[in-house]
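Trainee: Please see the structure below; I have some questions.
What follows is calculated from the coordinates using simple rules that are stated; it is not laboratory data. What you are looking at is a predicted structure, and each value in this text was computed from that prediction instead of being measured. Glycine gets a Cβ as well: all are built from the backbone with ideal geometry, and neighbour counts include every protein chain shown.
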Amino acid sequence: MAPTPADLRKAINEAIQAARDDLRKVSLSIHEKPELAWDEHHAHDVLTEYMERQSGFVVTKHAYDLPTAWTAVFTSSASSKEGEKVPVVGFNSEMDALKGIGHACGHNLIAIAGCAAAIGVARTLEHFQLPGKVVLIGTPAEEQGGGKAALLDRGAYDEFEACLMLHPGTSGGGKHGAGNMTSAALIAMEVTYNGAPAHAGGAPEKGRNALDAAVLAYQGISVLRQQLPKDAKVHGVFSGEDKWSPNVIPDEAKLLYGVRSTTLTSLAEVVPRVLRCFAGGALSSNTSYSIKRGHLYHEVRPAKGLSDAFKDFVEAEYGDDYRFLERVETGASTDFGNVCFKCPSLHPMFFLPDATPEEHPHSASYTKAAAEESAHEAAIRAASALSYAGLQVLLDPSLRKRMWAEWEEDMKVAQGDKALAVLDKVLPASKEGEGGKPGSFCAFDKCACGH
C-alpha cells in the first residue's frame, strides 16, 4: 500500500530530527569562520565531511571545476533497475559570508537547511522503497560572483525536475513562519576611468582628472534616480583611492555599481540610462572609460505547485502556530533567480521568531541572530516542509507535468530571452579574466547605448 501524506510527513520529520543536533554543530562551525565568495574552503570541508557520513550519499568535492562547489547525490535502491530513468530533485546549500559582518545573511542556516531537506527526502524514499534521485549542490559565491550562474553554465542543473532552497528572513514577532520570496533582477558593473596625471598645483592644466569623471557620473546617477521607476534601484561606491594623492591629478578611478529592478525586462529598460551617466562623466572630463560587466541575477519566480506542497506540510504539521505568506517582497537579489529560469523552483524565506525588527539580513546585528537556537529551529521546520515539497516532485507525475506546463507559460510572460538580448547588446558579458570593454559615447544620429 502506498504511503499516505501523513506517513511521508512523519518519515521526513523523523529523519531530519535525527540529524538536528549534528546540523546545529555544522551551522555554528560555518558561522564561526565566515568566508567570502569563492573562498568558502572551511564551509566546503565541513559540509562535505558531514554529507559523506550520511549513508547512501555520494559526495563530490570541488565539483564542476569550482574550488568550493560540491555535490551530494542519493539514488534510492528502488531505482536500481537497469536503464530506468528516475525523476531528479535538487536542493542548494549556500555558504559565503559578507565582508566585515560575517554571516549577516544567515548562509550558515541555508547550508544546513539544504542538507536537512536532502536527507529528509533520501531517508523517506529508502524507508518506503520509492524510486527517485536527490542532488544537493553546495553553491559558492551568492553574495558576489554568481556561483549558481557558473554552475548553470557547467550543466549542474540540467537533469532537475525542480530545484528548491531556503533563506532566513526578518523577525517573526515571536512566531515561526515562512513565505514565498521574490527578488529583484540585478546587474553588476565596474567602470574604470583613465585620464592623465599632473602636478595638482604646478601644472593642473596638463592633467585629465579620472576622479572628476567618476564624481560626475555618480552625481548624474543621483539626479537620474528621480526619473527612474519606483522599483528601480541604482547603488554604487568609488574605488581606486590607494592610487590617489591630493597633490597629483588622479589618472585612474573606478565606480562599482549595481542596478536592480523587479524583472529582467524592466532592468533592460533602466540599464541604458545608467550607462549614459557613465559616458557623460568621461565626456565632461575629457577622459576615457571602460566597463566590465559583473554578475547578472534574474528575478526569483516561485513555482505554484512547489509552494502548494510546502504550504500543505506547514498547515498539517504546525497549524496556526506557523504563519505562511503567499508573497514576501524583499528588493534583494540572488543568483537562485537564474535557476528559476532553468526549471520550476522554490525559494521560501523563513522568519526568525526571536529576531528583533531591527535585525534583518545584511544588518550587523543579524549575524548574532543567525546563530541563535531559535533560528536553527526555524531552519529545521522550514527544511522539513521544503523536503516534503521536493519529495512530492519525485512521487507525483501529475505534479511534475502541471509544474512544467505552468513554468513554460511563466517563461513566456517573463520574456527573459528578449531582455537578455537587450542587456547583451548594451553591455556585453565579460569573459573570465577579461578587462573592461572600452566605453563609447552617444552621437546625435545613433545612440551607442542601443536606443
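Trainee: Just the number: Rg to Rh for the chain, Cα atoms, Kirkwood Rh, two decimals. Spell out each step's value before the answer.
Mentor: On the way: Rg = 23.9 Å, Rh = 23.2 Å.
Computed over Cα atoms, the ratio is 1.03.
Trainee: Picking from Val314, Leu386, Ala198, whose Cα lies most toward the positive end of the charge dipole for the chain (charges on Cβ: Lys, Arg +1; Asp, Glu -1)?
Mentor: Going by the Cα projections, it comes out as Ala198.
Trainee: Could you sort out which of Lys254/Lys368; Lys148/Lys418; Lys99/Lys342; Lys233/Lys401 sit more than 25 Å apart by Cα distance in this structure? Working shown, then result.
Mentor: Working: Lys254/Lys368 34 Å; Lys148/Lys418 21 Å; Lys99/Lys342 30 Å; Lys233/Lys401 37 Å.
Where the Cα-Cα span goes over 25 Å, the pairs concerned are Lys254/Lys368; Lys99/Lys342; Lys233/Lys401.
Trainee: Over the Cα atoms of region 79-226, how large are the radius of gyration and the largest Cα-Cα distance (Dmax), in Å?
Mentor: 24.3, 83
Trainee: Compute the helix-to-body angle for 416-426: its Cα long axis versus the longest principal axis of the chain, expressed 0 to 90° and rounded to tens.
Mentor: Helix 416-426 and the main axis of the chain meet at about 20 degrees.
Trainee: Using the charge dipole of the chain (Lys, Arg: +1 at Cβ; Asp, Glu: -1 at Cβ; taken about the Cα centre), state which of Ser398, His176, Ser222 has its Cα farthest towards the positive end.
Mentor: Ser222
Trainee: Between Phe278, Ala364, Met349, whose Cα lies farthest towards the positive end of the dipole of region 261-366 when Lys and Arg beta carbons carry +1 and Asp and Glu beta carbons carry -1, centred on the Cα centre?
Mentor: After comparing all options, I get Phe278.
Trainee: Which value, in debye to the nearest 20, gives the size of the charge dipole of region 78-225 about its Cα centre, when Lys and Arg are +1 and Asp and Glu are -1 at the Cβ? Working shown, then result.
Mentor: Working: 11 positive and 14 negative charges, 60 e Å.
Roughly 280 debye for region 78-225.
Trainee: What's the longest piece of the chain with no exposed GluC sites (Glu not before Pro), counting a site as exposed if DSSP puts it in a loop and it has at most 12 other beta carbons within 10 Å? Let's see the in-between values first.
Mentor: On the way: sites that count: Glu82, Glu84, Glu358, Glu432, Glu434.
Looking at the chain, 85-357 is the longest stretch - no exposed GluC sites (Glu not before Pro) with at most 12 other Cβ atoms within 10 Å.
Trainee: Antiparallel DSSP bridges in the chain: what percent, to the nearest 5?
Mentor: In the chain, DSSP labels about 70 percent of beta bridges as antiparallel.
Trainee: For every other residue with a beta carbon closer than 14 angstrom to the beta carbon of Glu359, add +1 if it is Lys or Arg and -1 if Asp or Glu, then tell me the sum.
Mentor: -2
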